[in-house]
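Remarks on the structure that follows.
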């Protein structure tokens, strides 16, 4: 019957794991199981079942990665037998945030249980809520693999920048959301009162660009270092036949880790810097130290050049602006015009070879990382919270389960079949170390 010593059938375990992985907490999962499935399973038991299944899925993933790394290089860059390579394969990577506690550490700095006053609640289990002082935030890594559909054009299908990127109200809001270099109150103070009229004028003459359509997506997630994360993403891409795709693209922001991963594992993919991150640097540099009306006109000129792939033209004017302001000193405040312009110059110089946006659109490739950023938010829904804590093992197991549920190919469906076929109803004892 495929029932293990827990007493739950595979079908019931599947419901437990689904509830525990797709709710904001194990407590909410307990409530959903009672109300929606008429299953009375305590939150602690839900946590244990999720930990068990998450650990099994993590072990399967690690075995696939080890097998991939053991292959000859030529085989790793080929298409697996029985797999049809997609026409357009896209890989994007980004990082999220969650709170980690080292339960094995003995220092008061690392373990809240040892420092909490007597009136504080006891130590929380993985993913449960508890107060904290903010010292435990760590990065999780998210990899998004997508097959997409688009047309290749003889010329740039959208040479004029779309209205959304030259809409003053939208860009001010975007700059605040990204929190890049310009304080929100400074932006608000510089904004002229007739922005509504300008927005209307841009909307009336709007240019639209249709990005490639997502056909299918699969996800990889881990708390392990970037050196381990790279092979995980590459193994998933190989299993899907990505290295044999007709067109291949790799998306990321300007973080060094993204492009080290690209060089080591996806160098045959077209590297593309996220357009929105480039925009944020251009906007900050154009408007800093100037009245908003003057800076906005410069921003529109610069971002239009960036859209058209003319980054060299922007660099010429940025260099002139830097000469006008002077170079920042070592103790220059982070928000000073000299510092902001210097940061923009460095960012655009370092990434100019990944900013050929007109060519990318002509090839039918995406130019923003909004897809992977959306995926990060879907992971954050379960694992991130100011009062939500995990240990390393629990975080890794939950990240794997979230990746499974968010992937369109639903790998857990086949996992449950495999697991049922090998269950004997007997305990599996580990050998003593």
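Bear in mind that the values in this text are calculations on the coordinates, not laboratory data. Model, not experiment: these values are computed from the prediction. All Cβ positions, glycine included, derive from the backbone under ideal geometry; neighbour counts span all protein chains shown.
How would region 344-385 be classified by its alpha-carbon gyration tensor: rounded, prolate or oblate, with rounded meaning a/c under 1.5 and the a/b versus b/c comparison settling the rest?
It is oblate, given that a/c is not under 1.5 and a/b is not larger than b/c.
Which whole number in µm²/s is D for region 261-310 by Stokes-Einstein, with the Kirkwood Rh taken over Cα pairs at 20 °C and 1.002 mPa s?
Using the Kirkwood radius from Cα pairs, D works out to 173 µm²/s.
Could you list 374, 150 so that the one with the fewest beta carbons within 10 Å of its beta carbon is first and the one with the most is last?
Fewest to most other Cβ atoms nearby, the residues stand as 374, 150.
Distance between Cα centroids, region 398-425 to region 351-368: provide it in whole Å.
37 Å
Report the label-to-label distance for residue 137 and residue 60 in nanometres (one decimal), using points 7 Å from each Cα along the Cα→Cβ vector.
3.4 nm
What is region 309-368's relative contact order, in percent, from Cα pairs under 8 angstrom and six or more apart in sequence?
40 percent
Which shape class applies to region 313-404: rounded if a/c is under 1.5, otherwise prolate when a/b exceeds b/c and oblate if not, where a ≥ b ≥ c are the square roots of the Cα gyration tensor eigenvalues?
Since a/c reaches 1.5 but b/c is at least a/b, the shape of region 313-404 is classed as oblate.
Determine, from the Cβ-Cβ distance of residue 81 and residue 27 and an R0 of 45 Å, the FRET efficiency 1/(1 + (r/R0)^6), rounded to the nearest 0.05.
Rounded to the nearest 0.05, the efficiency is 0.45.
Report, in whole Å, the centroid distance computed from the Cα atoms of region 305-345 and region 9-26.
Between the Cα centres of region 305-345 and region 9-26 lies a distance of 51 Å.
Among 408, 136, 265, which comes first, then next, by fewest other beta-carbon atoms within 10 Å?
Least to most surrounded, the residues fall as 408, 136, 265.
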